[in-house]
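Worksheet for the structure shown next.
The values are calculated or read from the model by the stated rules, or taken from the named source; none is laboratory data. Predicted model only: the values in this text are computed from it and were never measured. Cβ atoms come from the backbone with ideal geometry, glycine included; neighbour counts cover every protein chain shown.
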Amino acid sequence: MKNDDVQLIHRILDGDDTAFTELVEKYQKSVHALAWRKIGDFHIAEEITQDTFLKAYQNLSTLKRPQRFASWLYVIASRRCLAWQRKKRILTKPLEETSSAQIEKETYSQYVVNENSRITAETQRDVVKKLLAKLPESERTIITLHYFSEMSSSEIGAFLGISANTIRSRLRRAQQRLQKEETMIREALDHFQISPNLTDNIMQEINRLKPAAPLQVLF
């Protein structure tokens, strides 16, 4: 890994939020891939990713073993997914509910193009989800992290708290099970892009969490 998590965590606890930005950039694709695998909705997965990092930031001082940050983050993300599933918040936006203001803001033709692109992307994700459904749960998560997050076996192992050898073994089994479909899944996951503003949004929310500086009273 490019940066040492322990050093970054020490910097964060000393008040250096730029170090947390580095952690977000390092792990956001992994957290999002995990959330998408468990929830099935690409955009809600981004909300869960943001919530996961906010929880991590708020509770970072309670982490007794900073070297286990990746697996600790995995636990937080998994719990946020479970919390979302309990609430059964299925957020959909049918075309008929689209406000006229939105359509007027764009030209109608551009609106149609955007909708077609969105539907195509969602359809592609649905196809991938159905293909991944052929795999056992543990293998689904690993192959998603491997292709969507471009993580090595050792990085996936650190994230899931499993040995790199076990990861490599499960990844091979998953690739063998999928055979022809594996290439399509790899190419599809390579093209899934999370919001380029996700890191900025997370850091903005973190800044809102901080207490306002006390006003200076001049005598």
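Odds and ends about this structure:
- Selection within the range 128-164: residues that are among the polar types (S, T, N, Q) and more than 16 Å from the chain's Cα centre (by Cα). The member of this set that is modelled with the lowest pLDDT is Ser138.
- For the range 24-78, a residue qualifies if it is without any contact (Cβ under 8 Å) to a residue 24 or more places away in the chain and among the aromatic types (Phe, Trp, Tyr), and exactly one does: Trp72.
- Filter result for the condition that a residue is of a type in the set (Lys, Arg) and within 17 Å of Ile206 (Cα to Cα), over Lys55, Lys38: Lys55
- Residues of the range 178-201 satisfying the condition of being under 18 Å from the mean Cα position of the chain (by Cα), acidic (Asp, Glu) and modelled with pLDDT of 70 or more: Asp200
- Set Gln58, Gln85: member being at pLDDT 90 or above and polar (S, T, N, Q): Gln58
- Condition met for Arg65 (at pLDDT below 60 and of a type in the set (D, E, K, R)): no
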